[in-house]
Amino acid sequence: MNERVDVLIIGSGASGAAVAWSLAETKMRILCLEQGDWIKSTDFPANGRDWEARRFGDFDISPNSRGRDTDYPVNDANSLMKIANFNGVGGGTVIYTAHWPRMHPSDFKVRSLDGVADDWPIDYWTLERFFDENDRMMGSSGLAGDPGVPPRNPPMPPLPLGRTAALYARAMNKLGWHWWPSDTSIATRPYEGRAQCINLGHCTPGCAQGAKASTDITYWPLAIRAGVELRTRCRVREITTNEHGMASGAIYYDADGQERFQPAEVVIVACNGVGTPRLLLNSASARFPNGLANSSGLVGKNLMLHPWPVVSGYVEDELDGGRVPITSLWSKQFYETDPQRDFVRGYTLQFGRGTGPATEAISNIGTGRLPWGRAHHRTYRTMLNHRVGIGVACEDLPEEHNRVTLDPVLKDSHGIPAPKIDYTISENTRRMMEHGIARAEEILTAAGATRLHASRTVLNYPGHLLGTCRMGDDPDRSVVNAWGRSHDVKNLFIVDGSIWVTSGGVNPTSTIQALALYVADQMKQRLATLFD
Amino acid sequence: MSNAADIAFSDAEVRALRDIAGTMIPADATLGVPGADDPAIMADIVKSLGRDLPDVRAAVAAVGAKANGDFASLDVDAREKLLSEHIASGGAASALARVILAAYYRDDRVLISLGMEPRPPFPKGHVVEQGDWSLLDPVRKRAPFWRKDR
């Protein structure tokens, strides 16, 4: 048996890293178990000529396509939207696009303001200082003064507009609609030991330059220096409990495949919206027959995935192509509820840039825009570096039938039951998607684009895995309380995207990490009475 | 023990794949670009099949079946039509197209013809112009419109 630790964190991604760093100042003995590896900068695709092909291989965002031995399979056959994640130190921050919006104040009060879903037990203003702290820690870039969001001051200037974003900007000004340079977590100047962005192209499959913030190069070096231990290739099978109904530690498989038991005084789960309910459901016992922390029956339910249609087209002018990070502008014009529309809540418009030469062709398989045969070359030459595209980041409201359960057959390489996803897109969201697609088409048309194509679900797996262990004050209607502690197990905490009550219409990483820092702060304030 | 689906392509399968690749992206003397059936590009395609091998094998076989076993003998219009319809069907056919395109669009000759440097993105990166930030002026003048919650 391993030596007992004070705090066991399961998962080293966005939230696990933030909570580890924040708790390190307590001088408690803290251990994090991560099922994946450290990823070296030389491992990233941008180092090689096959950089585009590897986005569909060992750096695919889908664990099922990626199929690394550190991944676990996900049965997402019963969902139009597929599951994206990454299993390694840094988790999903290794392969995200580095878009860095925050949830809006209204997102925390959707019941009060719009009569749907539920309010969060906390509000934006509770999290504001943790947003700011996280911006400093991850290193965000952007421009203050955006009238579409609450005040914030990113520590670095925004990415360049370039030709592509300037084209969008002119179109948006013509329409009189809001736009602003996106906040990103990309270093636009040297920052805390990180080199600045040199425009390696699409950031998703990792940043060889180290300009994109991922927790393996932001929080973790500081947490480890402060005494936190991080063990890789340790896959947790279940959280164990003692005769008092308290978490006693976790059983995991180490790098050699040996089963081990790690005792702990406090267990913090940070495996995000699919991995966390999977672990809790796999931790069922005689005392907790329906899974750990699941007296509400809500573990795994209310999965929210952010439906994300993308509308693309082509203009005559040559643009930036795939030479620059895909993030450029956002628009909050349609973010808030408008009673004139046939849906509640709203969406962010996110303006993309182009793609690399292979991806330009590959992304047109099935769109009918790029012919195969003798006409291929001439058409292709009107597309490469001429692409424009807008993503519609739709708020996804919670519905209990959208859920994560355990697959009765599928297992990972250690024989641990895999997660099964059942998910449908609601009518409200579908109406929102169509509204957003129509607005995106208007914008692209105003920009002079033709050959427009709307992808409703094909590209639709942003990897935003939210809501499956929601927070709340009522133990019958939530899994954790307003500061991340399980209602059922007083020394079990959850800090990842699963504790979200609603999803907003934004990329979640900034808010996930602000929440993790907030939970850590609450724990530190309550150390003497943590289990009361 | 190897799964039959994972065994490397036979000579006959490579020939069939070459016929498909050459039809999908033919050489163009005017533009000075090779076809995807160029020996060096074909070697790259075959080398990079990897985890896509079973899908590509199935797609190549399906194209052959639709051509009654002799895709190469069809006239070029018929080959292009058959291939376009097959690729549009998705599934394994998408993997076939993706593998061909990924190899074709990293070939030095192709990239140079497109005005690109044949190199990986790192470490040189790219230069991107700042753009005209005065475009933001009208937006800066707008009053805050995010929804207040209190």
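Under 5 Å between amide H atoms, partner at least 5 residues away or on a different chain: which partners does residue A:180 have, H built in plane at 1.01 Å?
Sorted by chain and number, the residues that satisfy this are A:330.
Using the Cβ atoms and a cut-off under 9 Å, what net charge is assigned to the surroundings of residue A:349, where Lys and Arg are +1 and Asp and Glu are -1?
+2
Work out the length of the dipole vector of the protein assembly as shown about its Cα centre, built from +1 on the beta-carbon of each Lys and Arg and -1 on the beta-carbon of each Asp and Glu, and round it to the nearest 20 debye.
For the protein assembly as shown, the charge dipole is close to 880 debye.
Starting at the first residue of segment A:487-501, write each ³J(HN,Hα) from the Karplus equation 6.51 cos²θ - 1.76 cosθ + 1.60 with θ = phi - 60°, in whole Hz, x for Gly and Pro.
Once rounded to whole Hz, the list reads 5, 8, 10, 6, 10, 10, 10, 10, 10, 9, x, 5, 7, 5, 8.
For segment A:293-393, which GluC sites (Glu not before Pro) are in a loop by DSSP, counting at most 14 other Cβ atoms within 10 Å?
The qualifying sites are A:316, A:318.
Going by average Cβ density within 10 Å per residue, which order do the peptides A:43-51, A:426-434 take, highest to lowest?
Going by the mean number of other Cβ atoms within 10 Å, highest first, we get A:43-51, A:426-434.
Between residue A:466 and residues 5 or more places away or on another chain, which pairs have amide H atoms under 5 Å apart, with H built 1.01 Å from N, and which residues are they?
Under 5 Å from the amide H of residue A:466 lie the amide H atoms of A:304, each far enough along the sequence or on another chain.
Treat chain A as a sphere of radius equal to its Kirkwood radius over Cα pairs and apply Stokes-Einstein at 20 °C in a medium of 1.002 mPa s; give the translational diffusion coefficient in µm²/s, rounded to a whole number.
The estimated diffusion coefficient comes to 92 µm²/s.
When DSSP assigns beta bridges and you keep just the ones with both residues in the protein assembly as shown, what percent turn out antiparallel, to the nearest 5?
Counting only bridges with both partners in the protein assembly as shown, antiparallel ones make up about 70 percent.
Modelled label-to-label distance, residue A:37 and residue A:174, 7 Å Cα→beta-carbon offset: nm?
Distance between the two pseudo-spin positions: 5.0 nm.
Starting from the Cα of residue A:246, step 7 Å along the direction of its Cβ; do the same at residue A:316; then give the gap between the two resulting points in nm.
Here the modelled spin labels are 7.4 nm apart.
Over all residues in A:49-59, what is the mean tally of Cβ atoms on other chains that come within 10 Å of each residue's Cβ?
Average neighbour count from other chains, rounded to a whole number: 5.
Give the carbon-plus-sulfur fraction of the accessible surface of segment B:4-119 in %, rounded to a whole number; probe 1.4 Å, heavy atoms of protein chains only.
Carbon and sulfur together cover 55 percent of it.
In whole Hz, with x marking every Gly and Pro, tabulate ³J(HN,Hα) for segment B:131-140 from phi via Karplus 6.51 cos²θ - 1.76 cosθ + 1.60, θ = phi - 60°.
Once θ is set to phi - 60°, the couplings for segment B:131-140 become x, 8, 6, 5, 4, 7, 3, x, 6, 4 Hz.
Taking θ = phi - 60°, what integer Hz values does the Karplus form 6.51 cos²θ - 1.76 cosθ + 1.60 yield along segment A:311-320, in sequence order, with x for Gly and Pro?
Working through the residues one at a time gives 10, 10, x, 9, 10, 6, 5, 7, 10, 7 Hz.
Using amide H atoms built 1.01 Å from N in the peptide plane, name the residues 5+ places from residue A:29, or on other chains, whose amide H lies under 5 Å from its own.
The answer is A:6, A:7.
Per residue of A:160-170, what is the mean number of Cβ atoms on other protein chains within 10 angstrom of that residue's Cβ?
Rounded to a whole number, the mean comes out at 4.
Are there chymotrypsin sites (Phe, Trp or Tyr not before Pro) in segment A:119-209 that DSSP marks as loop and that have at most 16 other Cβ atoms within 10 Å, and which are they?
Within segment A:119-209, no chymotrypsin sites (Phe, Trp or Tyr not before Pro) qualify (loop, at most 16 other Cβ atoms within 10 Å).
Taking 41 Å as R0, compute the FRET efficiency from the Cβ-Cβ separation of residue B:47 and residue A:25 and round it to 0.05.
It comes to 0.20.
For chain A, what is the relative contact order in percent, using Cα pairs closer than 8 Å and at least 6 residues apart in sequence?
23 percent
Give me the percent relative contact order of chain B, please, defined on Cα pairs under 8 angstrom at least 6 residues apart.
Answer for chain B is 22 percent.
Give the Kirkwood hydrodynamic radius (Å, one decimal) of segment B:4-119, defined as one over the mean of 1/r across all pairs of different Cα atoms.
Roughly 14.4 Å, rounded to one decimal.
Put simply, what bits of segment B:79-100 lose 40 Å² or more of accessible area when the other protein chains are there, versus the chain on its own (1.4 Å probe)?
By number: B:80, B:87, B:98.
Kindly flag which residue pairs out of A:82/A:411; A:40/B:124; A:301/B:148; A:411/A:490; A:301/A:420; A:40/A:212 have an alpha-carbon separation exceeding 20 Å in this structure.
As for pairs spanning more than 20 Å Cα to Cα, those are A:301/B:148; A:411/A:490.
Between the DSSP loop rule and a limit of at most 16 other Cβ atoms within 10 Å, which GluC sites (Glu not before Pro) in segment B:63-150 are left?
B:129
With labels modelled as points extended 7 Å from the Cα through the Cβ direction, what inter-label distance (nm, one decimal) is found for residue A:342 paired with residue B:117?
The answer from the label model is 5.2 nm.
The values are calculated or read from the model by the stated rules, or taken from the named source; none is laboratory data. Since the model is a prediction, treat every value here as computed from it, not as a measurement. Every residue, glycine among them, receives a Cβ derived from its backbone with ideal geometry; neighbour counts consider all protein chains shown. Ligands, DNA and RNA are excluded from the accessible area calculation, which covers all protein heavy atoms including side chains. Shrake-Rupley method; radii C 1.70, N 1.55, O 1.52, S 1.80 Å.
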